[in-house]
Amino acid sequence: MIAGAPPILEAVGISLRFGGVAALREVSFAVQTGEVFSIIGPNGAGKTSMVNCISGRYRPSEGSIWFEGRDITRPPANRRPAIGIGRTFQNLALFSHMTVLDNIMVGRHHLLRRGFLSGMAYWIGGAQRDEIAHRGEVEEIIDFLDIQHVRKAPAGTLPYGLRKRVELARAVAVKPKLLLLDEPMAGMNLEEKEDMARCILDLNEEWGMTVLMIEHDMGVVMDISQRVLVLDFGRKLAEGPPEVVLTDPQVRRAYLGGASDGAPAGELATAP
Amino acid sequence: MSVMTPAGDYRESYHADMCIFPTRNSRWAMLVGLALCCAAPLVLDRYALSLMINIGMLGIAALGLNILVGFTGQISIGHAAFFGFGAFASAGFADLGVPVLLAMPLAALATTAVGLVFGLPAARLKGLYLVIATLAAQFILEDFFARAQWFSGGVAGRVTDAPNLFGVALDTDARYFYVVLLWVVLSFCAVANLVRTRDGRALIAVRDHYLSAEMMGVDLAYYRTLSFGIASFFAGLGGALYAHYLRFVSVEAFTILFSIQFLAMVIIGGLGSVMGSLLGTCFMVLLPEVVQAVADALQGGAIDRALKLGSSIAFLREMTIGAAIILFLVFEPEGLARRWRLIKAYWKLYPYSY
């Protein structure tokens with residue numbers, strides 16, 4: 001994180017209400033260019049709602065979201081790839097009847113410019129050239145995530161861990177500057193988590209993507225994120241480096257209940 | 001089941017890996033099939049040829065419906081009305097002095113325009129609500145045909161011309177066959193290309209998971225409307241071919257029953273399969289012939305006397321169509337296209353099962 005540089009993403013006073021239920025209340029935070037930023041909080045804290053606001057699925061009731069100095073509160077979700085934001089979903093959201101390759105190619109949608117007429121005249125209009133060029137780049141992503149062996153398999157037939165990786169591949173194919181990951185490690189075993197953490201770090205360091213992720217595994221959050229935002233009942237509890245945030249008494253109360261003020265930090269760090 | 005390629009078939013470029021016909025055998029099969037089709041008018045009798053022409057023009061319309069229902073996951077039970085619109089429009093253009101061969105694609109474009117108007121609600125509606133909206137399209141268009149004398153010729157219907165190529169009238173089945181064949185090849189190539197490129201993938205993405213499709217930059221409203229437009233284009237093209245083949249178009253042909261037959265074609269053929277559209281159409285065109293043949297074979301026997309096959313043949317046809325749809329939905333929901341893939345797999349792997 002570079003001190004003084006403008007943040008890549010800034011949320012200003014975000015509130016989100018569904019009827020009488022307030023999912024988010026005046027949450028503000030900023031993600032700096034190049035960092036791994038995590039949002040944590042108990043179930044129902046509003047983490048996914050926050051990510052949905054950033055990715056354009058929900059429009060916040062109040063507040064605004066800025067990306068690289070530009071107000072992106074209003075543009076719809078399908079403008080996000082062009083703006084530079086890609087995301088994965090908490091519950092798998094692959095196109096289950098398409099092959100892995102086609103799934104990832106959908107991520108190139110906003111980069112492929114030729115429309116349906118050119119596509120129908122595949123050999124004439126240059127669509128073939130485009131497809132081949134992007135196929136090459138997609139293959140790099142496939143190599144990176146080590147899913148070569150399933151590239152022609154329908155996504156719906158894959159086991160869970162692989163599907164998670166395909167979904168990450170699809171989000172990476174968007175070529176985002178900011179990658180939103182909604183629980184990338186949910187339901188994974190230790191080895192798969194380690195692989196995924198490595199992937200995320202590589203994407204951050206080598207591919208130059210800023211990562212904003214929601215994650216429940218405190219060990220992973222502590223290890224790979226530079227800064228953390230803690231939400232509870234739609235309110236922001238704390239924001240800062242993980243080792244500082246997790247010693248915050250309010251955060252500890254939200255996670256462990258009122259009676260645990262004396263619990264050592266290590267215990268919290270291993271809590272799921 | 002993933003794609004099966006023979007051992008030793010290594011692709012060395014993305015170009016080679018992205019062919020429609022991936023293996024040498026499949027390319028040969030395609031060329032031989034095409035050559036056989038070209039030779040068909042020389043060997044087949046007029047009746048068999050007329051069945052093939054029917055398969056061709058209905059197949060194009062079914063292909064359009066498959067884009068809408070199979071690939072985009074929308075639904076339409078007004079397809080026959082668009083088919084009819086294309087037929088009348090082509091007849092109209094021809095009457096205005098446009099050469100018939102040009103009137104056909106023009107009529108298809110006119111149908112696209114109408115389809116887009118009726119497709120606008122499709123940008124927001126799904127499932128049952130869309131069924132009702134397209135049902136409205138069916139009845140509005142049918143009513144329009146019945147009332148707009150200038151367009152449809154009213155009750156009397158409309159007589160059309162045969163196409164004419166450099167002074168040669170394409171008025172026999174043998175000659176018209178090539179017109180249909182040309183459009184079938186063009187249409188199926190175009191759609192096979194569409195579904196492997198950007199916008200085709202976007203359509204399938206809208207069907208499979210519209211929320212994540214949106215997050216990948218796919219404009220849902222645009223693609224839902226687009227698929228309606230493309231479906232109407234092919235319906236109109238099929239209708240235009242129909243008009244100049246029968247040389248007579250009248251209102252009562254394009255009923256909702258006909259729309260449901262189109263749906264049956266894509267369900268039986270295989271939703272979301274380009275080849276399936278043609279297989280399903282073959283099935284639906286040939287099924288009544290089979291029923292007729294069976295009835296003929298049973299003539300005079302005990303079953304015939306009990307059921308009076310001769311006089312109830314029309315009902316029997318409808319019933320077999322209904323039964324076929326139900327049986328396919330129960331036993332082979334992915335249609336003939338999947339059955340065909342299984343047969344190919346069996347053949348390749350014999351004597352092993354996988």
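What the table shows:
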{"quantity": "Test: residue in region A:195-217 that is farther than 26 Å from A:ASN78 by Cα, in contact with an Asp or Glu (Cβ under 7 Å, 6 or more places away or on another chain) and basic (Lys, Arg)", "calculated": "no"}
{"quantity": "Among the residues listed as A:ILE65, A:ILE104, A:ILE8, A:ILE40, the single one being assigned by TED's automatic domain parsing to the domain that holds A:ASP202, β-branched (Val, Ile, Thr) and over 26 Å from A:LEU246 (Cβ atoms)", "calculated": "A:ILE65"}
{"quantity": "Hits in region B:223-253 - residues which are under 19 Å from A:SER118 (Cβ atoms) and in contact (Cβ under 8 Å) with a residue 40 or more places away in the chain", "calculated": "B:TYR223, B:THR225, B:SER227, B:GLY229, B:ILE230, B:PHE233, B:PHE234"}
{"quantity": "Residue within region A:117-139 that is within 25 Å of B:GLU12 (Cβ to Cβ), in contact (Cβ under 8 Å) with a residue 24 or more places away in the chain, touching a Gly at 6+ places or on another chain (Cβ under 7 Å) and more than 8 Å from chain B (Cβ to nearest Cβ) present", "calculated": "no"}
{"quantity": "Residue list for region A:64-86, filter: in contact with an Asp or Glu (Cβ under 7 Å, 6 or more places away or on another chain) and either within 25 Å of A:GLY19 (Cα to Cα) or at the interface with another protein chain (Cβ under 10 Å from one of its Cβ atoms) (or both)", "calculated": "A:SER64, A:ALA77, A:ASN78"}
{"quantity": "Residues (small (Gly, Ala, Ser) and in contact (Cβ under 8 Å) with a residue 40 or more places away in the chain) located in region B:43-60", "calculated": "B:SER50, B:GLY56, B:GLY59"}
{"quantity": "Pairs, first more than 9 Å from chain A (Cβ to nearest Cβ) in region B:186-198, second among the acidic types (Asp, Glu), C-beta under 7 Å, six or more apart", "calculated": "none"}
{"quantity": "Count - residues of region A:92-106 that are facing another protein chain (nearest Cβ under 8 Å), under 14 Å from A:GLU139 (Cβ atoms) and among the aliphatic types (A, V, I, L, M)", "calculated": "1"}
{"quantity": "Check on B:GLY272, within 14 Å of another protein chain (Cβ to nearest Cβ), in contact with a Phe, Trp or Tyr (Cβ under 9 Å, 6 or more places away or on another chain) and part of a loop (DSSP other than H, G, I, E, B)", "calculated": "yes"}
{"quantity": "So A:ARG165, is it part of a loop (DSSP other than H, G, I, E, B) and either more than 9 Å from every other protein chain (Cβ to nearest Cβ) or surrounded by fewer than 21 Cβ atoms within 10 Å (Cβ to Cβ) (or both)", "calculated": "no"}
{"quantity": "Residue match in region B:207-225 (condition: more than 9 Å from chain A (Cβ to nearest Cβ), part of a helix (DSSP H, G or I) and of a type in the set (Lys, Arg))", "calculated": "yes"}
{"quantity": "Region A:4-59: number of residues that are in contact (Cβ under 8 Å) with a residue 12 or more places away in the chain and within 14 Å of another protein chain (Cβ to nearest Cβ)", "calculated": "9"}
{"quantity": "Scope region B:126-162; condition closer than 30 Å to B:VAL69 by Cβ and not in a helix (DSSP H, G or I); matching residues", "calculated": "B:LYS126, B:ALA148, B:GLY157, B:ARG158, B:THR160"}
{"quantity": "Residues that are exposed (fewer than 14 other Cβ atoms within 10 Å of the Cβ) and acidic (Asp, Glu), drawn from region B:271-307", "calculated": "B:GLU289, B:ASP296"}
{"quantity": "Options B:GLY153, B:GLY119, B:GLY78; residue that is in contact (Cβ under 8 Å) with a residue 24 or more places away in the chain, buried (at least 17 other Cβ atoms within 10 Å of the Cβ) and more than 27 Å from B:LEU186 (Cβ to Cβ)", "calculated": "B:GLY153"}
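The values are calculated or read from the model by the stated rules, or taken from the named source; none is laboratory data. These numbers were taken from a predicted model, which means no experiment stands behind them. Counting neighbours? That spans all protein chains shown, and the Cβs are built from the backbone with ideal geometry, glycine included.
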